[in-house]
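Inspection log for the structure reproduced underneath, given as C-alpha cells.
The values are calculated or read from the model by the stated rules, or taken from the named source; none is laboratory data. In this text the structure is predicted, and so the values were computed from the model without any measurement. Don't worry about glycine lacking a Cβ; one is built from the backbone with ideal geometry, like all the others, and counts go over all protein chains shown.
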Amino acid sequence: MKFSKLMKKLNALFSSEAREHARKKRELKNAMKKIRHKQKELEQELASCHDDFERKRLEEKISILSAQRAKGLELLREMESAP
C-alpha cells in the first residue's frame, strides 16, 4: 500500500467527523430496516382485514410509513454520496 493511501485511511480512522458520519449512516440504515419490517407487517394484516374502518386505518399507516421510507432513502443516498 502506498504511503498516501495509508495516510488517507489513518486520517479517516482517527477523524471524529468520519466516525460520526458512519454512525449516523448505520443508525439510519437500522431505522429503515425497522420501518420496512413494520410496513410489511401492516400489509399482511391488511390482506387479512375485512372491516372497512380498520382497512382504512391500516392503509393510512402504510402510506405514512411509505413516505417515511422514501425520505429516509433520499437522505441515505445523500449521505452515501457525501464524503
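List of remarks:
- Total residues in segment 24-50, condition within 18 Å of the chain's Cα centre (by Cα) and of a type in the set (Asp, Glu): 2
- Hits in segment 5-47 (condition: more than 19 Å from Ala82 (Cβ to Cβ), among the hydrophobic types (A, V, I, L, M, F, W, C) and at pLDDT 90 or above): Ile35, Leu42, Leu46, Ala47
- Scanning segment 1-50 for residues that are under 23 Å from Ile64 (Cβ atoms) and of a type in the set (S, T, N, Q) yields a count of 4.
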